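In what follows, a structure is listed as structure tokens, so that the remarks can point back to it.
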Amino acid sequence: MKFRNVKLNFTNKLAVAFVLSLVYILVFPSTVFADSRDDLLGVWRGTYINTRGLNGYEFLVFRDGADYRAVVHFFPVEGSPADQIPAGSTLNEVLFDASTGRFYFDTLMWLHRPEGINAVGQTGILVGDTFSGHLQGNPLLTFDVMRVERSNFQLNLAHDHIAGSSSAEILAATCYSEGVRVYDCIFCGIEMERTISPSLEHSPSGNWIVLEAATCLTEGDRVQNCATCDIEVLREVIPYLPHSLSDSWTILENSTCTSEGIRIQHCTVCDAEVLQESILLLPHTPDGNWVIYEEPMCNVPGRHVQYCVSCNSIAIDEVIPPITGSDHVLAHERISGNIFIPPITTELICEICDYYSETNMSYAFAWVSPAIVVAITVVAFPTFKKIKRGKKSADVFCGNCGKPITKDALFCGECGHKAAVSALKRR
């Protein structure tokens, strides 16, 4: 195999150098941490333990232009030995070791030095929102601090301000005005940012104010005002009221015993007709005169009625009790018809009531004795002729008042007299 001589230009040489550098990094790796001091900016609070006991710790990590600084405050906390833990503060320079990923607080000066206390720096690592470490030169004196919203100490040194994530409300929003919130610097507390909160919704008071009362003729109107600013926020219509019935009825048509009447009630407010109902039929008014429909008999009840004076309908219908409650007393006999004019009827009449029993007998032998017929005719004809010729009649007249009465009547129908005189006697 033959190799050609390759002449590399500058671009090719740069590419080769890059590849060789990459291979070197892969073969001989080394860890390099990026500077993350910006991640440490803020306020940290916690505790540490030294030879005196439990101490409170607060770090204010800030920038002043390109410089990273930290004010370290130490102070007694709950659980510290009484009168053993002093309070003080130092100003430190913040350094970062890229090879280890550790932060170092090197003391620059005392801000407040307690008597008998020497300044000692700190070193630690950042894991999330926890900064843990120890005092420089003594790994046994450890500390743990957590990120907090703002400092309990006011930073009076020059620093780059950082606005906190929480705000303070300086003007509450209402339904008639916007609210105002401010974001302060977490180190010194000066105002960094101001935001406007939108105005709130109106809150109805829950109490209705009637502007116009409803009636049965018109709808009403009512409103609710805001409980805060008292402006109108709700308005609604009040429905019509029901009609108010009067206590009295107005009769449009009186009822009778044959037709119902009509009456109405009006509204006391608008006088409109509200209720209409029928008036029941009136009872019939008897005329006081009994009319016999069926005569009673010995053992059969009868019936009599009274008619209504208004409509002539039956108003009262009553039963007449039987006369005796016993069987008929058939005593009188009445025969009608003869052998020449059949049938011959025999009636037995009860002597108490009008009941009668009837027996019919038919004869068909009138032709058998024509001589009898001729004899009767010869004998009777002269008599009939004589009566006709003398214009005499068999009429009967009352002997008291002279009025004609029925031949078979027992009493005069006019005056009730018993005596009767025939017409022949009068002539």
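For this structure, a couple of remarks:
- Note on Ile238, Ile170: ascending count of other Cβ atoms within 10 Å places them as Ile170, Ile238, the fewest first.
- Relative to the current alpha-carbon distance between Arg37 and Ser205, full extension at 0.36 nm per residue lengthens the span by 55.0 nm.
- Gained length - Ser244 relative to Arg334, 0.36 nm times residue gap less alpha-carbon distance: 24.4 nm
- Euclidean distance of C-alpha centroids, segment 202-280 and segment 312-348, integer Å: 74 Å
- Segment Trp110-Ile190, extension gain: residue separation times 0.36 nm, minus the distance between their alpha carbons: 26.4 nm
- Theoretical FRET efficiency, 1/(1+(r/R0)^6), r = Cβ-Cβ of Ala66 and Glu169, R0 45 Å, to 0.05: 0.80
Bear in mind these aren't lab numbers, they're just calculated from the coordinates by the rules spelled out. Keep in mind it's a predicted model, so treat the numbers as computed, not measured. FYI the Cβ positions are ideal-geometry reconstructions off the backbone, even for glycines, and counts take in every protein chain you see.
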